[in-house]
Structure formats: structure tokens, C-alpha cells
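Any read-out appearing in this document is the output of simple, stated calculations on the displayed coordinates, not a laboratory observation. Here the structure is a predicted model, which means the values were calculated and not measured. Positions of Cβ are generated from backbone atoms using ideal geometry, with glycine treated the same way; all protein chains shown enter the neighbour counts.
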Amino acid sequence: MTTINLNSGATAAVLHEVDLADLPVIGAIPQDLNGVLVRNGPNPLRGHFKGNDVSDWWPEDAMLHGISLKQGRATNYRNRWVRTKRWADVYDFDASPTLLNTNPNVNVLYHAGEILALAEGGPPLAITTELETLGAARCHPGLANGMTAHPKVDPQTGELISFRADWKKPFLRYTVTDKKGMPSVDIDIEMSSASMMHDMAITATRSIFLDLNVGYDLSMLSRGHRMPLRWRDDHKAKLGIIPRNGGDVRWFEITPCFIQHVVNAYDADEATVVLDAVRYPRYFRLEEDGLRFEAAPLGVLWRYVIDLDSGAVLEKQLADICIELPRINEGRTGRPYRFLYAAEQPTNTEIRGVVRYELESGSIQRYRVPEGDSNSEPVFVARPTSSVEDDGWLLVCVYRHATDTSDLVILDGKNIESTPIATVPLPGRIPAGFHGAWLPKDC
Ligand SMILES: [Fe+2]
């Protein structure tokens with residue numbers, strides 16, 4: 001596994017919580033872009049990563065960053081560690097008994113009137129747009145035992161579709177939460193082993209699980225790794241498809257791989273499901289010494305076309321671009337779509353650049369980020385008054401190596417190659433994190 005120095009540059013921890021008002025703006029922030037961009041990621045409470053590979057990076061303590069935009073102004077930036085038991089152990093021991101033992105450092109979700117910071121499998125925590133931690137989710141009682149950090153919201157029904165992968169049998173739990181936050185489906189799904197399932201996909205009628213070649217192996221902990229994960233040559237990679245409201249799962253074998261993030265999925269017709277994802281042919285595969293990981297090939301955009309009648313799965317690479325952290329206009333989640341946006345990965349150690357890919361023509365636009373700098377995932381925000389899929393803005397946090405600071409860059413969703421619509425230079429750094437969400441002003 002290729003390593004980087006986590007304690008310098010874009011990944012290094014921020015040591016203090018700050019509040020800044022009335023930030024400078026280069027260009028013009030759109031008047032109808034009103035809300036808060038919240039980003040989430042690992043930021044060790046003690047200010048220092050213990051090692052330099054992903055198993056040192058991924059599990060560290062959750063820190064949120066929020067940039068508020070209002071009527072053409074960047075009104076505020078603040079950052080906060082999520083208040084958890086881990087936070088209290090370092091900063092406020094007296095608060096420890098009241099705080100939860102979870103680490104929601106992966107993603108942010110707005111659903112059923114509640115903003116949630118999401119963990120990799122652990123319970124989510126409710127937060128505010130000011131990044132205060134409220135505690136356990138109050139409007140989602142069915143999710144208290146934990147959930148994925150990548151649930152999907154059906155843009156038409158408002159349902160929240162989720163799962164919880166477990167180390168113990170039956171290894172998977174599937175849930176659907178209605179638009180008001182109440183559980184409508186909550187069922188166990190039996191799998192042959194504990195797979196690392198980071199993401200899922202939905203169509204208008206079905207949900208899709210990923211039972212792939214990276215799985216849990218607790219012996220990895222005694223081999224010096226903080227996460228019990230490794231590639232399994234002998235595991236049959238499968239896609240599982242279940243009707244939205246529950247029923248039997250049908251499993252479809254595919255070529256060995258790992259998918260960290262899906263792009264989208266949809267029903268092409270009654271008997272055909274399409275799934276697009278960022279696919280790796282190997283990931284977390286151990287070298288012969290059984291201790292270190294091999295360097296993983298870069299992820300590429302991949303399509304699976306599943307014929308439900310015959311059981312056949314067509315697999316094909318869609319584009320010759322190496323990407324991660326894909327996002328779409330979430331109004332198209334689970335539906336046919338034309339555009340995806342993603343961070344570009346020129347090498348194993350860089351997330352640098354943004355691509356916009358048009359699925360019908362295969363055309364690619366690039367927002368280029370200079371060597372030495374790096375960027376977050378691009379978050380697409382649809383223009384509130386428009387139903388055109390790419391009519392909106394792309395919000396990207398770009399780390400500037402020369403100044404050790406970050407900029408919020410606002411790009412035109414239709415043309416990311418043009419000069420940014422606006423840039424908000426911050427006096428500090430938003431570390432390279434995982435995922436974020438745009439919270440419109442009325443949430
Ligand atoms: Fe993720």
C-alpha cells in the first residue's frame with residue numbers, strides 16, 4: 001500500500017476550533033446559493049496521526065467544517081470536532097458519561113428534518129447547521145444501532161434506504177425509513193461472510209448490495225493494522241438485488257473487485273438494472289509477507305448491466321479516467337441520469353482535479369488543480385428553480401500547498417472548465433476528508 005505523510009500537507013490535523021465571519025470572496029457567489037456546505041473527515045483529537053497508511057487515517061476522530069453562503073456573501077466558516085465519548089476523553093472528561101461511543105467521521109445527511117453526522121457502521125449523531133452535536137438521532141429511531149455512511153434518499157418518495165454491515169452472522173441488516181424518519185423495513189439478510197460494504201445503490205424499485213472481495217479479518221489487528229480488512233482471493237464477488245420494500249435477495253456473481261463508492265443505479269426496464277461505480281480490480285491485498293498491503297490500482301468508472309431474466313451481468317469500463325468520490329445531482333438518485341462529477345486521481349497518492357463526465361456522449365470536462373495542491377470531493381448543488389440536471393454549482397474545497405490553506409471553489413455545473421464563479425479563500429486548512437453535504441438554508 002502506498003503511503004503518504006498524514007501529518008503534513010492536506011491531510012494534517014487542524015488543532016483548533018475557530019469561528020470566522022464575513023469571509024473575502026473572489027468573483028460573485030450566486031444570490032440563490034444559500035445554505036451551508038458541511039464537510040466531514042478524520043482529524044485526530046490529539047493532533048497527530050499514529051502512522052501513514054489508510055488504516056491510520058480512516059478511523060480518526062470526526063471533525064466537521066461548515067462554510068455558510070447567504071445572498072452572495074460567505075458569511076461564516078467554523079469547524080468543530082463532533083462531541084463523542086472519544087472527544088470527552090481528551091477535552092471534557094466530566095461530559096464523558098453523557099456522550100456516545102461512536103465516531104461519525106464519514107458523511108453528513110439531511111433527512112426528515114434532522115441533520116446527521118454518519119459513521120462507518122456506528123450510530124449517527126444529530127448535529128445543527130452551526131455544527132453543534134445534539135446527540136443520538138431524535139427523528140430516526142430505527143437507526144440507533146448503526147448504519148452505513150452512504151444511505152440513499154429516494155428523491156421522489158423521500159425514503160431513506162440504508163444497511164448495516166456486521167462482523168457477526170447474518171452479517172447484513174437492511175432498512176428503509178419513511179420520509180418522516182420512521183422505519184418501514186428492517187430485516188436481516190444472510191450472507192456467507194462479513195464483507196466490507198461501504199456503499200449501496202438504489203433504483204426506483206430495488207436496492208443493491210455489494211458483497212465483494214474485501215472482507216473483515218480480525219487477525220489483521222494482531223498484524224499491526226487498525227482496521228480488520230483485507231482482500232480475499234477466494235471470495236466470490238456478488239451484487240445483491242432486493243425489492244425496495246424487502247423480499248428475497250438475488251445474488252449475481254461478478255468479476256473479483258472492490259467498490260468503495262457507487263455513482264448511481266437505475267431500472268433500465270422491468271428486467272434490467274444498471275449500476276455505475278468506481279471499481280478497483282484489487283484493494284487491501286496483502287503482500288506475501290502477510291503484513292503489508294500491495295499498492296492498489298487506481299479506480300475507474302465501471303458499469304454493470306444486470307439481466308434479471310437470464311441472470312447475466314455485463315461488465316464494462318465506461319471511461320479512461322481514474323476517479324474517486326463521485327457525486328451526481330441527487331434529484332436523479334436511482335433514476336436514469338446523464339452527468340457525474342468526481343475527484344480525479346492522477347496517482348495513488350493524489351486526489352487532484354475534478355472531472356465532469358457526460359454518460360451519453362462520453363465527453364469529459366476537467367477542472368485542473370495544480371501539482372502540489374489537492375481537492376475534496378465535488379458536491380453538486382442544483383439551482384433551486386431549475387429541473388435541468390446539470391444546472392447548478394459544484395462546490396469543491398481545494399488545498400493550496402504554498403499557503404497551507406484551503407479555498408472553497410464554486411464551479412458552474414454545466415462548464416467546470418470555465419473560470420470559477422467564485423472562490424472563498426480561507427485563512428486555514430480544511431483537511432482532506434471524506435464526504436460532505438449541502439444544507440439549504442431552510443433545513
Ligand atoms: Fe465513502
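If you split all Cα-Cα distances of segment 393-443 into 5 Å bins from zero, what percentages do you get per bin, shortest first?
It works out to 5, 19, 23, 23, 21, 8, 1, 0, in whole percents.
Suppose we keep just the alpha-carbon trace of the chain; what are its Rg and Dmax in angstrom?
20.6, 60
Within a 10 angstrom radius of the beta carbon, how do S207, S363 rank from fewest other beta carbons to most?
Values: S207 25, S363 10.
Final ranking by Cβ density, sparse to dense: S363, S207.
Over the chain, with a Gaussian network built from C-alpha contacts below 10 Å, which listed residue (E358, E132, E270) shows the highest mean-square fluctuation?
Comparing E358, E132, E270 in the GNM, the peak value goes to E270.
Counting alpha carbon pairs within less than 8 Å and at least 6 residues apart, what relative contact order, in whole percent, applies to the chain?
Relative CO of the chain lands at 14 percent.
Fewest first, what order do K179, K152, K169 take by the number of other Cβ atoms within 10 Å?
K169, K179, K152
What is the sum of charges, Lys and Arg at +1 and Asp and Glu at -1, for the other residues whose Cβ falls under 13 Å from the Cβ of F380?
My count for the surroundings of F380 gives 0.
What is the set of long-range amide H partners of F163 at a cut-off below 5 Å, with H atoms built 1.01 Å from backbone N?
T148, T175
Would you tally the net charge around L212, using a Cβ to Cβ cut-off of less than 10 Å, leaving L212 out, and scoring K and R as +1, D and E as -1? List each step's numbers first, then the result.
Values: positive: R232, K236, K238, R279; negative: D211.
Within the 10 Å Cβ shell, the charges total +3.
Local charge sum around A296 (other residues, Cβ-Cβ under 15 Å, Lys/Arg +1, Asp/Glu -1)?
Combined, the nearby Lys, Arg, Asp and Glu give 0.
In what order do T157, T347, T203 fall by count of nearby beta-carbon atoms within 10 Å, going from fewest to most?
Fewest-to-most Cβ neighbours within 10 Å comes out as T347, T157, T203.
Just to confirm my numbers, what's the Cα centroid distance between segment 79-134 and segment 367-442 in Å?
Distance between centres, Cα-based: 25 Å.
Just order 94-102, 280-288 by mean Cβ neighbour count inside 10 Å, highest at the front, would you?
280-288, 94-102
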